[in-house]
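The values are calculated or read from the model by the stated rules, or taken from the named source; none is laboratory data. Fair warning: this is a prediction, and the values are worked out from it, not measured in the lab. Please note: Cβ atoms are built from the backbone with ideal geometry, for glycine as well, and neighbour counts cover all protein chains shown. Accessible surface is based on the protein model in full, side chains and every heavy atom, while ligands, DNA and RNA are left aside. Shrake-Rupley method; radii C 1.70, N 1.55, O 1.52, S 1.80 Å.
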Amino acid sequence: MTQSLSVSKSVFLAWGVFIAITSITYLNAGLDYIGQDNDDVMRLVQVRDLLSGQGWFDLNQYRLGLDGGILMHWSRMVDAPIAGLIILFSLFLQPLTAEAAALYVWPLLTALPVIYGFAYSLRAMCGAPGIIIGALCGAIFAFGVGKFGVGAIDHHNVQLAIFALITACLLSPTHHWIGYAFAGFLSALALAIGAETTPLIAVVCGIVAVSWAITGGVTMRRPTRIFGLSMALFLTIIFYATTPAHQYSTVVCDALSLGFYVIGVAGAAGLYLAAALFSYQNRTIRFIVLAGIGLIVGVVALIIAPNCLSNPLSDLDPFLVKMWLNNVTEARSITAQLSLKPLTSFGFYMVPILAILLCLYRLWVKDRTEQYLKLLVLILCTTLISFIQIRGSIFSTMIGMIPLAVLITQLRLKTHADPKNHLLSLAFVVTVIISLPIAWKALGTGLSAGISSLNQAPSSSVTTSDLTDMQANACNTDDALSLLATEPKGLVMGPSNLGVSVLRFTQHRVISAPYHRNELGMLAEIYASTAEPTQAKPLLAQAGINYIALCKSDPQVQLSKDSSPNGLYAQLLEGQIPEYLELVEASQGQPIEIYRVKLQ
């Protein structure tokens, strides 16, 4: 009870510091109450639609894409609590103020389980002395990673919170069944919120399975049974609670559907049965049983969802890959990032690499072998995923901070015991610094800027911009879009970065926003924007475009101009307006120039 109280006190202290620093940073920056990522705005649009009466099971974004809209792949499991907060604050605040309050509170709330996960992980590894270090490291990670700031309402912060807690459950030396029941629930929730976490959940299941195979009925029989039962049960509940009846038999690879549901339940049920029936057999038989379960799950995957065994983005049109996906930082591989901005890779990879080396050393000296082996597996797998797509680095960095925080705790105890040992104090300070991803990010950014300055070259270019981040310009504001909002409702064509802001601030439809399910809409916009004006005219007519909203500072507009100097966007940037377009005079010289399309 004392330790639990100590954990809560430390966590809330660290959380309070995190809230204070985050709030001060936000207020000083004078930012909008929504996050700076397109996904944050898209989530807000989805939540607004839900609150306006769109059905719980209806995830269509009717104002996005070509005729009929786009079926989004985001889970209502994240929409629901945000909508609930808006409803709560609406009881005593005006609608927009209530929305802003909810978007302030939600990301701060999601940081709390991250801090708890760190604190409990450090307690499991170091005992009571590690709790405050763990809580502070969790708060530092949450602040530095950029996914828990005001208005960050996409699902990434929830996913990080889930995996911080799962890691804490796995590291617990007691193997208490309640922790494994919680881990099973969290694993089901992770699959429901984002299919991209499927490999991580498979690793978590593998860790539980191998731990059972090694120890059998001595310590892991009950925890493994409870984990498998919990995961299967909650995955079933969530599947039926979020999937409309007409889609029960549908298999998609980017959301919870029949494929991931059947595979997940098959694996979880297999773990339950293995632990229930074979825990007291010898170790060889237990591993044979596990291999059989793996084979069965693999066959089920091949039968139910063979297409989902590859990257769901691999089938995108090559032209869209060139003009969009290759310019999205989080979708790049390590080789692509190293070729474009090698020094910025420090922020993505240095903490997990140091953590891997530290785990290997701990295993070599036989220090808490089970815990460090679990950490090593988690960090290695998440790091390999991040080599394929950078977006995985937030998970490898988060988990990688845990063994480094253990080292910080040990050095802190040693420096307190020997305060005159300056080498120990220096080692402590250096370890703290190299354990912080924000420090590596700052180093990489600073070195890149310095080298670019020495070479008298720009620090970034259009081709290396992250086209999924909302640009730090005036295009994505209410003021910039107010003129467009006064026009009669119609279909707007513009760079994909602008699409979600048009949905937020106007009642128009948009043809393009940066989501892979909107492939046809994005292609229609890119083809029209890069075609010569005479060739663009029938493309605009075919898509039914009513307006062109040209954000002149958007990287995609510049990329379209560079790739097609005679294309429509390039000509508009030069002031050459074809006869079928009419410039809205009030927009001339503004961040967004608006053109009415006259095709009759």
For VAL510: the one exception among (1) in contact with a Phe, Trp or Tyr (Cβ under 8 Å, 6 or more places away or on another chain); (2) under 19 Å from LEU59 (Cα atoms): (1)
PHE346 passes all but one of the listed conditions (1) among the hydrophobic types (A, V, I, L, M, F, W, C); (2) under 23 Å from VAL203 (Cα atoms); (3) modelled with pLDDT under 90; the exception is number (2)
Please go through the stretch 140-154 and pick out each residue that is touching a Phe, Trp or Tyr at 6+ places or on another chain (Cβ under 7 Å) and open to solvent by 10 Å² or more (accessible area, probe 1.4 Å). PHE143, GLY149, VAL150
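Just for the stretch 1-25: of the residues that are assigned to a helix (DSSP H, G or I) and at pLDDT below 90, which one is surrounded by the most Cβ atoms within 10 Å (Cβ to Cβ)?
Narrowing the stretch 1-25 to residues assigned to a helix (DSSP H, G or I): 2-25.
After this cut, where a residue has to be at pLDDT below 90 as well, the list is 2-6.
On the way: THR2: 7, GLN3: 12, SER4: 10, LEU5: 9, SER6: 15.
Looking at the filtered set, the residue picked out is SER6.
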I need the full set of residues from the stretch 390-441 which are of a type in the set (S, T, N, Q) and within 21 Å of the chain's Cα centre (by Cα), in order please. SER393, SER396, THR397
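Inspect all residues belonging to the stretch 28-48 and state whether any of them is more than 30 Å from ALA195 (Cα to Cα), open to solvent by 40 Å² or more (accessible area, probe 1.4 Å) and part of a helix (DSSP H, G or I).
Checked the stretch 28-48: at least one residue is more than 30 Å from ALA195 (Cα to Cα), open to solvent by 40 Å² or more (accessible area, probe 1.4 Å) and part of a helix (DSSP H, G or I).
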Could you list, in sequence order, all residues of the stretch 550-574 that are open to solvent by 20 Å² or more (accessible area, probe 1.4 Å), part of a helix (DSSP H, G or I) and either closer than 9 Å to SER529 by Cα or free of Cβ contacts under 8 Å to residues at least 60 places away in the same chain (or both)? LYS561, GLN571, LEU573
Can you go through TYR547, TYR580 and tell me which one is modelled with pLDDT of 95 or more and either crowded, with 17+ Cβ neighbours inside 10 Å or in contact with an Asp or Glu (Cβ under 6 Å, 6 or more places away or on another chain) (or both)? TYR547
Helices (runs of 4 or more DSSP H) (entirely within the stretch 327-413) containing at least 1 residues that are in contact (Cβ under 8 Å) with a residue 24 or more places away in the chain and farther than 22 Å from GLY444 by Cβ: 345-364, 369-388
The lone exception for CYS169 - which of (1) out of contact with any Cys (no Cβ under 8 Å at 6 or more places or on another chain); (2) modelled with pLDDT of 95 or more; (3) surrounded by fewer than 22 Cβ atoms within 10 Å (Cβ to Cβ); (4) of a type in the set (A, V, I, L, M, F, W, C) it fails: (3)
Somewhere in the stretch 298-315, is a residue among the charged types (D, E, K, R), at pLDDT below 90 and in a helix (DSSP H, G or I)? no
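Do any helices (runs of 4 or more DSSP H) entirely within the stretch 56-159 hold 1 or more residues that are closer than 27 Å to ALA442 by Cβ and free of Cβ contacts under 8 Å to residues at least 40 places away in the same chain, and if so, which?
Because the criterion is at least 1 residues that are closer than 27 Å to ALA442 by Cβ and free of Cβ contacts under 8 Å to residues at least 40 places away in the same chain, no helices (runs of 4 or more DSSP H) in the stretch 56-159 meet it.
Of the residues THR250, THR219, which is closer than 30 Å to GLU330 by Cα, open to solvent by 40 Å² or more (accessible area, probe 1.4 Å) and outside any helix (DSSP H, G or I)?
Unique residue meeting the criteria: THR250.
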Which numbered condition LEU235 fails, given (1) of a type in the set (A, V, I, L, M); (2) touching a residue at least 24 places away in the same chain (Cβ under 8 Å); (3) closer than 30 Å to THR369 by Cα: (3)
Out of everything in the stretch 443-457 that is surrounded by 10 or more Cβ atoms within 10 Å (Cβ to Cβ) and more than 20 Å from GLY347 (Cα to Cα), what residue ends up being modelled with the lowest pLDDT? ALA457
Residue by residue through the stretch 382-403, note down the ones that are open to solvent by 30 Å² or more (accessible area, probe 1.4 Å) and under 17 Å from GLY206 (Cα atoms). LEU384, ILE385
Being under 11 Å from TYR180 (Cβ atoms) and open to solvent by less than 60 Å² (accessible area, probe 1.4 Å) is the filter here, so list the residues in the stretch 222-247 that pass it. PRO223, THR224, ILE226, PHE227, GLY228, SER230, MET231
Under the condition of being outside any loop (DSSP other than H, G, I, E, B) and aliphatic (A, V, I, L, M), which residue from the stretch 583-600 is surrounded by the most Cβ atoms within 10 Å (Cβ to Cβ)? ILE592
Picked from the stretch 526-565 (must be of a type in the set (S, T, N, Q) and under 18 Å from PHE319 (Cα atoms)), the residue nearest to the chain's Cα centre (by Cα) is GLN556
Determine which member of the set ASN327, ASN307 is surrounded by 16 or more Cβ atoms within 10 Å (Cβ to Cβ) and of a type outside the set (Gly, Ala, Ser). ASN327
Out of the residues in the stretch 275-284 that are in a helix (DSSP H, G or I) and open to solvent by 60 Å² or more (accessible area, probe 1.4 Å), state the one that is farthest from TRP177 (Cα to Cα). THR284
If ILE577 satisfies all but one of (1) in contact (Cβ under 8 Å) with a residue 24 or more places away in the chain; (2) in a loop (DSSP other than H, G, I, E, B); (3) in contact with a strand residue (DSSP E or B) (Cβ under 8 Å, 6 or more places away or on another chain), what's the number of the condition it fails? (1)
Could you say whether any residue in the stretch 256-267 is surrounded by fewer than 19 Cβ atoms within 10 Å (Cβ to Cβ), within 23 Å of the chain's Cα centre (by Cα) and in a loop (DSSP other than H, G, I, E, B)? no
